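Okay, structure first, notes after.
The values are calculated or read from the model by the stated rules, or taken from the named source; none is laboratory data. Everything quoted here is computed from the prediction, not taken from an experiment. With ideal geometry, Cβ positions are generated from the backbone for all residues, glycine too; neighbour counts draw on all protein chains shown.
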Amino acid sequence: MDITPSRRRFLQASAALATSAFPILGANDRIQLGLVGLGGRGNDHMKFYGTLDTDCRIAAVCDVNQAARERAVSRIQKEKGHSPKDYSDMRTMFESKDIDAVSIATPNHWHALAAIWACQAGKDVYVEKPASHNIFESRKMVEAARKYNRMVQVGSQSRSIPHKMRAIQLIHEGAIGQVYQARALCFRRRFSIGHSPDEAVPAGLDWDIFLGPAQWKPYSKNKFAYNWHWFWDTGNGDIGNQGVHEMDIALWGLGRTGWPAAVSSTGGKYVWKDDQETPNTQQSAFDFGDAELTFDVRNLPTPPEAMVPFTGPNYVGNIFFGDLGFLTVDHTGFRVYKSTAGNISGDAARGAGAGSRERYEKTMDEKGSGEDTVPHMKNFFDAIRARNHKLLHAEIAIGARSAAFCHLANISYRVGHSLRLNQSAGRFLGDDEANSLLTRNYRAPYVVPEKV
């Protein structure tokens, strides 16, 4: 593809940075941070980083929407007493030597390319979940982080939440015996987005950069703001939105680091008649041979699962099943239930009533602390100062893998049948259509490169 002069300058600057020695930040040096993406989650980032004044200073903001940039600058001026620089194009921000690290809260389809560009420019990266929009991007993000020695933390903040860390530790220590199934639940009540017509791009919005790697399409309100989650070109449905948190916890608890032998995913978009492309009901299963992971997404009314607390129309959490009991974990805390059955043998064990002798006793009930994203961001800054990616709780290899499992489910759903995988290569066996969905048709010049 043709390279524009500005892109050529960016690549030259990135190469120069990659071969130079990066300054080592002392314990008292504040990290100069640039925020990319100033929508709902980007505003959360401003709030959370604002509580970490001793660690960082928000030195720059970037968004394709002029109004969002103006609001962010005004807010930081009011709350922190200084004016950050503002950028409409992240590449220009990444060229700045005044920025040490960037925090990316763009739509999903921009996560990988933005993170890779930032790594090439010598910036450390905090990138929101899901790490990637497809599995090819997951691989390239890990390669970029390693090649440029960058700290890349994915916004899977459960990895820094004390009660969830404790729950997974107990599972790994055998609290419920041999774990044979992890069940992830994403019950988020949502509503139809309706129809919105194509229309002129609003003043101050760079629609070309917003679309970025996605194919060109006319602007409409439903393709912008939050509803981009429900279009395949820019989002990954609720399994890749809220669900990737539960996917990450399920994989964490299972302790599996490889690919599954098979994946299947069914469901649909029921009841609603609107512009949404992704399903509002989805059931997925991953077979590891000696254990399985199941995932249930529902955006329509749904009851709670057995033995988990009812919290109204929304419940997200995980259940781990072992041969000695089970453990449930969510934002409110975790609970351990142990089987109190004695040894059952002979005719009793084979009889229909044998199960009536088994009872479940709650042996542990630990409440959540309420801590969320701030400790995760603090962990990011600690790793930057130490220059040690192994200190990161959700290092890119972890976050990219959790995203990849969401992509596996979506691929099975989109091709309409179960799939078997080569567990060494992470590719589908005998299915060209499924393998084509491991990546995407990028729109130049917004291309995730084969060689990062």
Within region 349-371, restricting to residues that are under 17 Å from Gly333 (Cα atoms) and modelled with pLDDT under 85, the one that is nearest to the chain's Cα centre (by Cα) is Glu371
Note on region 180-192: residues surrounded by fewer than 23 Cβ atoms within 10 Å (Cβ to Cβ) and out of contact with any Pro (no Cβ under 9 Å at 6 or more places or on another chain) are Tyr180, Gln181, Arg183, Arg190, Phe191, Ser192
When every residue in region 108-149 that is in contact with a His (Cβ under 8 Å, 6 or more places away or on another chain) and among the charged types (D, E, K, R) is compared, the one surrounded by the fewest Cβ atoms within 10 Å (Cβ to Cβ) is Glu128
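Only strands (runs of 3 or more DSSP E) wholly contained in region 218-330 count here; list those with 2 or more residues that are aliphatic (A, V, I, L, M). Lay out the reasoning, then the answer.
On the way: elements: 262-268, 281-287, 292-298, 315-322, 325-330.
Output list reads 262-268, 292-298, 315-322, 325-330.
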In region 290-315, residues that are surrounded by fewer than 21 Cβ atoms within 10 Å (Cβ to Cβ), within 25 Å of Gly177 (Cβ to Cβ) and not polar (S, T, N, Q) total 10
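Quick grid of which residues meet (1) outside the structural domain of Val154 (by TED's automatic domain parsing); (2) aromatic (Phe, Trp, Tyr):
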{"residue": "Lys362", "(1), (2)": "yes, no"}
{"residue": "Lys378", "(1), (2)": "no, no"}
{"residue": "Lys390", "(1), (2)": "no, no"}
{"residue": "Ala409", "(1), (2)": "yes, no"}
{"residue": "His417", "(1), (2)": "yes, no"}
{"residue": "Asp432", "(1), (2)": "yes, no"}
{"residue": "Tyr442", "(1), (2)": "yes, yes"}
Flagged in region 412-428 as surrounded by 14 or more Cβ atoms within 10 Å (Cβ to Cβ) and over 17 Å from Arg139 (Cα atoms), in numbering order, are Ser412, Tyr413, Arg414, Val415, Leu419, Arg420
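Rundown of residues vs (1) on the phi > 0 side of the Ramachandran plot; (2) part of a helix (DSSP H, G or I); (3) assigned by TED's automatic domain parsing to the domain that holds Asp323, yes/no style:
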site: Val125; (1), (2), (3): no, no, no
site: Lys129; (1), (2), (3): no, no, no
site: Arg146; (1), (2), (3): no, yes, no
site: Asn149; (1), (2), (3): yes, no, no
site: Gln169; (1), (2), (3): no, yes, yes
site: Arg190; (1), (2), (3): no, no, yes
site: Ser196; (1), (2), (3): no, no, yes
Here the qualifying pairs (Cβ atoms under 6 Å; residues six or more apart or on different chains; first in region 308-326 and within 19 Å of Glu361 (Cα to Cα); second of a type in the set (S, T, N, Q) and modelled with pLDDT of 95 or more) come out as Val308/Thr328; Ile319/Thr328; Phe321/Gln181; Gly322/Gln178; Asp323/Gln178
Cβ pairs under 7 Å, 6+ apart or interchain, first in region 372-398 and free of Cβ contacts under 8 Å to residues at least 12 places away in the same chain, second among the hydrophobic types (A, V, I, L, M, F, W, C), ordered by first then second residue, are Asp382/Leu391
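For the condition hydrophobic (A, V, I, L, M, F, W, C) and touching a Ser or Thr at 6+ places or on another chain (Cβ under 8 Å), what is the one hit in Val316, Val308?
On the way: Val316 fails: touching a Ser or Thr at 6+ places or on another chain (Cβ under 8 Å).
Answer to the selection: Val308.
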Exactly one of Ala105, Ala114 is farther than 19 Å from Tyr49 by Cα, small (Gly, Ala, Ser) and in contact (Cβ under 8 Å) with a residue 24 or more places away in the chain, and that one is Ala114
In region 58-72, anything free of Cβ contacts under 8 Å to residues at least 60 places away in the same chain and buried (at least 19 other Cβ atoms within 10 Å of the Cβ) is listed as Ile58, Ala59, Ala60, Val61, Cys62, Asp63, Ala68, Arg69, Ala72
Of the residues in region 229-287, those that are surrounded by fewer than 19 Cβ atoms within 10 Å (Cβ to Cβ), in contact with a strand residue (DSSP E or B) (Cβ under 7 Å, 6 or more places away or on another chain) and among the aromatic types (Phe, Trp, Tyr) come to Tyr270
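For the condition under 21 Å from the mean Cα position of the chain (by Cα), at pLDDT below 95 and closer than 30 Å to Gly370 by Cα, what is the one hit in Thr311, Thr332? Don't jump to the end; show me each part of the working.
Details: Thr311 fails: under 21 Å from the mean Cα position of the chain (by Cα).
Exactly one of Thr311, Thr332 is under 21 Å from the mean Cα position of the chain (by Cα), at pLDDT below 95 and closer than 30 Å to Gly370 by Cα, namely Thr332.
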Practice prompt. Could you tell me whether any residue of region 179-191 is closer than 29 Å to Ile396 by Cβ, small (Gly, Ala, Ser), touching a helix residue (DSSP H, G or I) at 6+ places or on another chain (Cβ under 7 Å) and modelled with pLDDT of 95 or more?
Written response: yes
